[in-house]
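For reference, the structure discussed in these notes is given below.
What follows is calculated from the coordinates using simple rules that are stated; it is not laboratory data. Since the model is a prediction, treat every value here as computed from it, not as a measurement. Neighbour counts are summed over all protein chains in view; Cβ atoms, including those assigned to glycine, are modelled from backbone coordinates with ideal geometry.
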Amino acid sequence: MKRICLILALAVLGFGTAAWAFHDGGVAECSGCHSMHSPVSSSYLLVATDASSTCLACHEGDSVRSYRVSTAESYMTANPTDGPLQKGAGGDFAWLRMDRTATASYGAPLSFFGRNQGHNIVALDNNYVVDSDNATAPGGTMPSSSLSCASCHDPHGRGRQTGADGTNPTIQVPTIGATHDPIFDSGSYGAEPAPGEAVGTYRLLPGAYYTAWGAVSYPGVPAAVTPGEYNRSEDTTTTRTAYGFKATGPEGYTSWGRWCATCHPDMHTDNPGFKHRVDDQLGSTEVANYDAYVMTGDLTGSATSSFTSLVPFAMNTNNIQTLAAKAVIDDSDLNGPTTQDRLACFSCHRAHASGWKWAMRWNQDAEFLTLGGAGAPVYPGTDAGLGNQGQFNTGYTIEQMTDAYYGRPATKEFAAHQRVLCNKCHIKD
């Protein structure tokens, strides 16, 4: 049923510029988010209770739309064996509502809480509440009660990418007493700035002119390009978002690791609390491992077919043309990394939320992602007829596990008894 709804929704909406028609890469119409005479919230005259609820008035729904990042709670209630609908690269916030219980194969009862599966934005109108487990951002001091969509996205889109054809773009921000190029298109889908014009930043992500929660400024803007048809199942082909890399500098960009470290400084290599290196160039061994690794037990892959969106990486460029050429949905570019490319936070995590703890792209809390035998992997969902396998399914049905892996059938990229995807770079399985 969900696949039929997706096809119908896409047929009605189409793709392309419909994905960014409201923002157009920058500030939208003021009345879309504010009401001068009848606001719901007196804070900023918002049309909803809080900032995130205002965003989700458009970006949440009960069907797939290119611009949605959250599935409506009403849909989840009506379809209790399904997972959330939206499959953009950042993930669907509705995974945060997925509290569940399970029984492990060894008989122990297990509890799993959705709030541990991503960024707990505060959107009271949509039943997203303050993180009850973390008073501050893990590895940082940002108060969890301050987390909103506007913590990571500039709703007014003041930053813009300029520079002829995007070959050597710079970030420009309006300042009083100076001139600046007007934004004519989104900066998320590969549009190239023309002379005297600009495109927005990727996903309206802010830079040094913006404070994350009114206290700490971002070091710059990270680079990326995504295909216009990004909110889709990957049951047959991969959706490749092309993430870029540019060290913090006068051109206004920064790396993804440093950008995330604005709120999570102790997770970064520059801090003694660093957990896993990030932003570093991949070593030749890691590149060779990534290219060879197909799945557990299969190391026959090649550099031209090794890419998987379950373990993406950052290319060593912020060139818009170069990134746009990589942002595809038809498997026309599945090239793996080079030794110039970088590991990034998103190599293992999704930015919004996922089906797994800590917004991981796969279930990191169990040794197997799939079960099965004789070369026939299966998702060990609660309805798979495999008995109690709670440590592997975390209380999900087969459909929910499939949704957590973006529609992939268990046979697409996984082996029977597939182990965790740290092995894509490390090959320890």
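Here are the numbers for this structure:
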| quantity | calculated |
| --- | --- |
| Likely footprinting exposure, 121, 183, fewest C-beta neighbours within 10 Å first | 183, 121 |
| Three-way shape label, segment 270-361, alpha-carbon gyration tensor, a/c 1.5 | rounded |
| Gaussian network model of the chain, Cα within-10 Å springs - most flexible of 355, 196, 91 | 196 |
| Whether segment 142-231 is rounded, prolate or oblate, judged on the alpha carbon gyration tensor where a/c under 1.5 counts as rounded | oblate |
| GNM result for the chain, Cα springs below 10 Å: residue of 65, 160, 277 fluctuating most strongly | 277 |
| Under 14 Å, Cβ to Cβ, from residue 339 - net charge with Lys/Arg +1 and Asp/Glu -1 | -3 |
| Counted charge near residue 159, where neighbours are those whose Cβ lies closer than 15 Å (Asp, Glu -1; Lys, Arg +1) | -2 |
| Theoretical gain in end-to-end length, residue 124 to residue 266 [0.36 nm per residue, Cα-Cα removed] | 48.2 nm |
| Proxy reagent accessibility, fewest Cβ within 10 Å first, across 256, 358, 95 | 358, 256, 95 |
| Qualifying lysines (Cα of each under 21 Å from Cα of residue 424; at least 8 residues distant if same chain) | 275, 326, 357, 412 |
| Of (i) 58; (ii) 18; (iii) 22, the label for percent of Cα pairs over 38 Å apart derived from the coordinates | (ii) |
| Spin-label model distance (nm) - residue 335 vs residue 194, 7 Å beyond Cα toward Cβ | 2.9 nm |
| Shape category assigned to segment 345-429 from the gyration tensor of Cα positions, a/c cut at 1.5 | oblate |
| Of all DSSP beta bridges in the chain, antiparallel share, percent nearest 5 | 75 percent |
| Counted charge near residue 358, where neighbours are those whose Cβ lies closer than 15 Å (Asp, Glu -1; Lys, Arg +1) | +1 |
| Whole-Hz couplings from phi, Karplus 6.51/-1.76/1.60, listed for segment 350-360; x for Gly and Pro | 9, 6, 9, 6, 9, x, 10, 4, 6, 6, 5 |
| Relative exposure of 221, 69, 216, 27, judged by other C-beta atoms within 10 Å (fewest first) | 216, 27, 69, 221 |
| Among 314, 344, 415, residue whose mean-square fluctuation peaks in a GNM of the chain (springs only between Cα atoms under 10 Å) | 415 |
| J(HN,Hα) series, segment 46-59, from Karplus relation 6.51 cos²θ - 1.76 cosθ + 1.60, nearest Hz, glycine and proline x | 6, 7, 9, 5, 8, 4, 5, 4, 5, 5, 6, 4, 9, 8 |
| Residues listed by number, segment 354-372, amide nitrogen under 18 Å from residue 134 label point at 7 Å toward C-beta | 354-365 |
| Full-extension gain in nm, residue 175 to residue 208, via 0.36 nm per residue minus C-alpha separation | 10.6 nm |
